[in-house]
Amino acid sequence: MRQLFPSPFPRDADADLAALYAYPPGPWLRGNMVASADGAASLGGVSGGLSSAADRQVFFLLRALCDVIVVGAGTVRAEGYGPARPSRLWPHLRDGRPATPPVAVVSARLDLDPESRLFAGAAPDARTIVITSASAPQHLRARLARHADVITAGEEAIDLSAAVRALAERGHRRMLTEGGPHLLGQLAAAGLLDELCLTIGPLLAGPGGERILTGHPFPARPLPLTLAHVLEDSGFLLCRYTTKTLLSRTRMVSPPRQPVRASEAALARTRPPRRRRGR
C-alpha cells in the first residue's frame, strides 16, 4: 500500500495506518463505504464483491479505532451482521476500552431477531444497541430490551441528531457508520457526517447498482468535501474526505515510521470479505 496524497511521502503507507486514520478530538461521525469505479455500492445486494485485502485491512482498523459501529437494520439483515470481533492486528488501540466496539442498529420497525448472534453473541461490555423512536412497536421493543440497550431518539420518526447525541453522552464519541446507503444518506442530509472513508474499486458494476447514498431527500446544494488523503493498493483507491471546512481537527501529517509486521499484513488478507452496507 502506498500513499498518493498528501504528496508524496518516501515510504510505504502501511507504516502507520492508525495514525493516518486517527480520530480528531471531540465527537466525530465517520462513514466507511466501498464503491465500484462507476459508483455502485454493492454487487448482488452485498458489498463484499467490491472489496480488497487493503480495503478489509482499513475496515478492521476503523472498527478498532471507533467507540461504536452504527448501521441500518436493512444492512444488518442483508450482510448477516454479528458482533465486532476483537482486533488481532491492533489490539493496543482498544487499551482502556472494551475489546470490541458495540454495534448500534438504527431501526424504526424493530424487525430484528433478538436471538441472532448480533444480540445473543455480543460481549457483556459491548452489548448491541438499538436506536428507534417512541412510536416503535412496544412489544418488539420489550423483546429486544432483554438482549440489547434500547435508545429512544424521536417521537414519530427516528431523530438521528438525537441518536448521535445519545451515543456521545454514553461515551461513544468516536462513531463509525457502515451504512447502508439509506442511513448514510440520512446522516449526510442531516449534516451529521464529519468524514467519509471511501474505497473505490477498479471495476465496472454496470447499470442499476445502488449508490453509496440513496433514498433520502438531499439539500439543494451538494455537500462539499475536503480530501485528507489517498492510498493505493492493487488499483484500489482508499480515500479519506472530511465535510468540515476547517481541518484543524483532522490529522493530515506524515505519521511516524512504524512498519506493520508482515504477519499482520498477511492476516488482513485472510479475513473474510463479508462487510457493510449492501454499508
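Can you confirm whether region 28-38 contains a residue that is out of contact with any Leu (no Cβ under 7 Å at 6 or more places or on another chain) and not aromatic (Phe, Trp, Tyr)? Checked against the condition, which is being out of contact with any Leu (no Cβ under 7 Å at 6 or more places or on another chain) and not aromatic (Phe, Trp, Tyr), region 28-38 yields no hits at all. The residue of region 25-67 that is surrounded by the fewest Cβ atoms within 10 Å (Cβ to Cβ), among those that are over 21 Å from GLN186 (Cα atoms) and aromatic (Phe, Trp, Tyr), is PHE60. Among the residues of region 38-95, those that are closer than 21 Å to PRO24 by Cβ and assigned to a strand (DSSP E or B) comprise VAL68, ILE69, VAL70. Among what's in region 97-139 and is part of a strand (DSSP E or B) and β-branched (Val, Ile, Thr), pick the residue that is nearest to ASP67 (Cα to Cα). The extreme case among them is VAL103.
Conditions (1) assigned by TED's automatic domain parsing to the domain that holds TYR241; (2) at pLDDT 95 or above; (3) closer than 15 Å to PRO102 by Cα; (4) touching a helix residue (DSSP H, G or I) at 6+ places or on another chain (Cβ under 6 Å), marked per residue:
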{"site": "GLY121", "(1), (2), (3), (4)": "no, yes, yes, no"}
{"site": "PRO124", "(1), (2), (3), (4)": "no, yes, yes, no"}
{"site": "ALA148", "(1), (2), (3), (4)": "no, yes, yes, yes"}
{"site": "ALA153", "(1), (2), (3), (4)": "no, yes, no, yes"}
{"site": "GLU156", "(1), (2), (3), (4)": "no, yes, no, no"}
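The values are calculated or read from the model by the stated rules, or taken from the named source; none is laboratory data. Just so it is clear, the model here is predicted, and its values are computed rather than measured. Ideal geometry is used to build each Cβ from the backbone, glycine not excepted, and the neighbour counts take in all protein chains shown.
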